[in-house]
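I'd like to ask some things about the structure below.
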Amino acid sequence: MKQRTLMTSAATLAAAGLLLSGCASNSGGGGGGDEFPTEDVRLVVPWAAGGSGDLSARTLAPLLEDELGVSVIVENRPGANGSVGYNWLKEQEPDGYNLSMLGAEVATLQFMDYDIAPADYAFLGKILEGPGAIAVKADSPYETLQDLIDAAKAAPGEITYSSPGVGSVWDNPAQGFQELAGIELTNVPYDGSAPSIAAAAAGDVDFSIDAMGSQKAQVDGGELRYLAVLAEERVEDFPDVPTAAEQGVDLQNASFTGLMAPAGTPDDVVQTLSDAIVAATEDEDYQSVIEQSNLVPVSVPAGEFTEFIQAEEERYGPWIELAKSKQG
């Protein structure tokens, strides 16, 4: 466990009646004074309590405390696709003491008329991901992804899918699916993944495209059946479910969660936080909690995560514009 390192020279010299410029500052990061961090860190969750993002933050926080040597206080600020929390973060001082969890919407909200873009933030690390999947009602006539594609080609616009909303992290790959397969589908948006998946299980739509882990309860309960996983390789827990690429549609998409700070956070502070996050996510207890939530724990440092976000921004933009154009 890493302990907080405090520079004691200021206190010593002050006791001797001396004043040393710069050592009285406790602002952290980048410029003299005590070594970052010297005060509590606030970690905002931009989603409601109880979800996977909230669980991961509260599991990670005590491990980050061990690494950083200060308290990490988790606070929920939900609302408006996460934008309430994201807007709050970008208004904070870029000193490393105010952080936020983030999901894929950071790379998409700018295309949906929100005043939020990746340039507003410094990305610290990715901590989990969940591959997407296409699933149909258990008694659906579509046995393979090709069956679904054939039906959509035979009746353009008549095959429906449920999503957590137009331009959402799961509506976007549905747009990519249509482009790659040369088909036309109809989106039926719901207020979140839970009702979206329930609609597919009830047969209200023809299929669900969402996180594989989120669909798992209905699959285990015999209500849904996977047609394809949107990952590079088959998922270990479901070795019989082929990837979309294996079935002729080179489509990959995953939900993910990470941490970020305001843009302008000093490089040394970003590095300190990134190192702490990587160490925390490599903890066996953290990995066990995430795996039990049907998600995949990962340890991606700041630099690699920043490149990933940039690629996601480029990938999602055209898909969201396509989805918006279909709304008239």
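The values are calculated or read from the model by the stated rules, or taken from the named source; none is laboratory data. None of these values were measured; they are calculated from a predicted model. Glycine also receives a Cβ, built like all others from the backbone with ideal geometry; neighbour counts cover every protein chain displayed. Note: accessible area is taken over every heavy atom of the protein model, side chains too, but ligands, DNA and RNA are not part of it. Shrake-Rupley method; radii C 1.70, N 1.55, O 1.52, S 1.80 Å.
How long, wide and thick is the stretch 163-282, going by the Cα atoms along their three principal axes, in whole angstroms, largest first?
Sorted largest first, the three principal extents are 51, 31, 28 Å.
Another question about this same structure. Within the stretch 221-285, list the GluC sites (Glu not before Pro) lying in a DSSP loop whose Cβ has at most 13 other Cβ atoms in a 10 Å radius.
Details: sites: E223, E232, E233, E236, E246, E282, E284; in loops: E223, E232, E233, E236, E282.
Within the stretch 221-285, the qualifying GluC sites (Glu not before Pro) (loop, at most 13 other Cβ atoms within 10 Å) are E232, E233, E236, E282.
Where in the stretch 121-168 are there GluC sites (Glu not before Pro) that are in a DSSP coil and have at most 11 other Cβ atoms within 10 angstrom of their Cβ?
On the way: sites: E129, E143, E158; in loops: E143, E158.
Qualifying residues, ordered by number: E143.
Taking every alpha carbon pair in the stretch 151-232, what does the distance histogram look like in 10 angstrom bins from 0, in percent?
Final binned percentages: 19, 54, 26, 1.
Also: For a quick check: with amide H placed at 1.01 Å from N, whose amide H comes under 5 Å from N98's, ignoring anything fewer than 5 positions away on the same chain?
R42
Identify the GluC sites (Glu not before Pro) of the stretch 66-112 meeting these criteria: DSSP loop state and at most 12 other C-beta atoms within 10 Å of the C-beta. Let's see the in-between values first.
Numbers: sites: E67, E75, E91, E105; in loops: E91.
When the GluC sites (Glu not before Pro) of the stretch 66-112 are filtered for loop state and at most 12 Cβ neighbours within 10 Å, E91 remain.
Could you order K126, K216 so the one with the most accessible surface comes first? Probe is 1.4 Å. Spell out each step's value before the answer.
Working: K126 15, K216 45 Å².
Per-residue accessible area, sorted high to low, gives K216, K126.
How long is the chain along each principal axis, judged by its Cα atoms, biggest number first, in Å?
Here the Cα extents, ordered largest to smallest, are 86, 41, 29 Å.
Further, regarding this structure: Give the relative contact order (percent, whole number) for the chain; include only Cα pairs under 8 Å separated by 6+ residues.
Values: 680 pairs, mean separation 78.6, N = 328.
For the chain, the relative contact order is 24 percent.
With every protein chain in place, what's the accessible area of Y142 (1.4 Å probe, Å², nearest 10)?
Roughly 40 Å² of Y142 is accessible to a 1.4 Å probe.
Net charge around P131, counting only other residues with Cβ within less than 12 Å of its Cβ (Lys, Arg = +1; Asp, Glu = -1)?
That works out to -4.
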